[in-house]
Structure formats: C-alpha cells, structure tokens
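Asks: Questions regarding the structure given below will be posed in turn.
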Amino acid sequence: LKRFYMQPNTILFILVGLSLSHVMTFLKAKVGDAPVNRLSGSLVWVVGGLLLVTRFERMDMSRNTAVRDYAASLLTALPQDSILLTKGDLTVYPTRYAQACLGLRPDVSVMDQEIMGYDWYIPRARRHLAPKVRFPAGA
C-alpha cells in the first residue's frame, strides 16, 4: 500500500500553481483577460481529458481487493468471540468495513489501542461491547 505518495506531490503542485499564477498575470497584462481566460479554460479541459484517457486503466482501483482481503483474512483467523486489539488506521478501518459492510465476523470485538486513552472511548466501548468486554469500575 502506498500510503504517503501524495506528500511530495503537494509541494510540487503548490510550486506549479504559483508558477502558473505568475504566467497568467504576465499574459493578461500583455493580451488582456478574455483570451487568456479562454486559453486557460481550454487547457484545463484538454489536460484533464488527456490524463483521464491515458491513465484511467492504470489508476482504476475498483477491482483492487487487497485491503478487503487483508481484513477478511485477519478476521476469519480469529477464534469465536475474540477481541482484536488493533493499532492504527491500516487495521482498524478495514476490519470495521469488513464487519459492517460485508457482514464478516460480527462476533469479534475490534478495539483500537490508539484511541483507548481518550476520555470518551471507555463509555462508548461499554455501550457497544458489553457484555463481551468488561472494563474496570474506575475506568
């Protein structure tokens, strides 16, 4: 899974946007607003259309089931009425998706260790996980 691939692109696109802004300001000063607006609008549609046509098949993730398969294999390997302690969104959200949307292993209780320290978590967990999970009285 490519998790952080967008961070370097963000810097690049900010610089491209600033550069284009300067070019647009220069062109508007030379030829006027209307022709530059028409040209820039046309370029946006052409470049967007080219990207869609040339890269759609490679970038289409509608048939990618890696995360769903990971969650399903994780849940199906557990014994009946297990408690799955997770840490981080790469495990929590796929397993919750598999339970809520795919109906897999509703008997398994998923608890995220990263949010257990928040004040609101224990009362919420008591409501949703009782009677399978018991928390200390002072918690």
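The values are calculated or read from the model by the stated rules, or taken from the named source; none is laboratory data. Predicted, not measured: the structure shown is a model, and the values here were computed from it. For neighbour counting, all protein chains shown are included, and Cβ atoms are generated from backbone atoms with ideal geometry for every residue, glycine included. What goes into the accessible areas is simple: the full protein's heavy atoms, side chains included, and nothing from ligands, DNA or RNA. Shrake-Rupley method; radii C 1.70, N 1.55, O 1.52, S 1.80 Å.
Asks: With everything on Cα atoms, drop me the angle between helix 33-59 and the longest principal axis of the chain, reported from 0 to 90° to the nearest 10.
Replies: On a 0 to 90 degree scale, this one is about 40.
Asks: Tell me which chymotrypsin sites (Phe, Trp or Tyr not before Pro) from the stretch 71-120 have a DSSP coil assignment and no more than 15 other beta carbons within 10 Å of their own.
Replies: On the way: sites: TYR97, TYR118, TRP120; in loops: TYR118, TRP120.
Sites meeting the loop and neighbour criteria: TYR118, TRP120.
Asks: Please report Rg over Rh for the stretch 1-63, where both radii come from the alpha carbon positions and Rh follows the Kirkwood definition.
Replies: 1.11
Asks: Straight-line reach from LYS132: which aspartates and glutamates have Cα under 14 Å away, leaving out those fewer than 8 places along the same chain?
Replies: Straight-line reach from LYS132, under 14 Å: ASP81, ASP107.
Asks: Dividing the Cα radius of gyration by the Kirkwood radius, what Rg/Rh value follows for the stretch 33-139?
Replies: Working: Rg = 22.8 Å, Rh = 17.6 Å.
Computed over Cα atoms, the ratio is 1.30.
Asks: For helix 89-100, report the angle its Cα long axis makes with the longest principal axis of the Cα atoms of the chain; keep it between 0 and 90° and round to the nearest 10°.
Replies: Roughly 70 degrees, rounded to the nearest 10.
Asks: Now for a different question. Return the loop-located chymotrypsin sites (Phe, Trp or Tyr not before Pro) in the stretch 1-65 (DSSP other than H, G, I, E, B) with at most 11 other Cβ atoms within 10 Å of their own Cβ; answer none if there are none.
Replies: PHE4, TYR5
Asks: Which net charge results for the neighbourhood of LEU84, defined as the other residues with beta-carbon distances under 13 angstrom from its beta-carbon, given Lys and Arg at +1 and Asp and Glu at -1?
Replies: Details: positive: LYS87, ARG96, ARG105, LYS132; negative: ASP81, ASP107, ASP112.
Residues near LEU84 contribute +1 overall.
Asks: Also, quick follow-up: Taking only protein heavy atoms into account and a 1.4 Å probe, give the accessible area per residue of the chain in Å².
Replies: 78 Å²
Asks: Pop out the carbon and sulfur fraction of the accessible area of the chain as a percent, whole number, probe 1.4 Å.
Replies: Ligands and nucleic acids excluded, carbon and sulfur give 64 percent.
Asks: With everything on Cα atoms, drop me the angle between helix 6-31 and the longest principal axis of the chain, reported from 0 to 90° to the nearest 10.
Replies: Long axis of 6-31 versus the principal axis of the chain: about 20 degrees.
Asks: Before anything else, pin down the relative contact order of the chain: Cα pairs under 8 Å, at least 6 apart, normalised by residue count, whole percent.
Replies: Normalised by residue count, the contact order of the chain is 16 percent.
Asks: Just subtract the alpha-carbon distance of SER62 and LEU20 from 0.36 nm times their residue separation and send over the number in nm, one decimal. If you can, show how the numbers build up before the last one.
Replies: On the way: separation 42, 0.36 × 42 = 15.12 nm, distance 3.31 nm.
My answer for the length gained is 11.8 nm.
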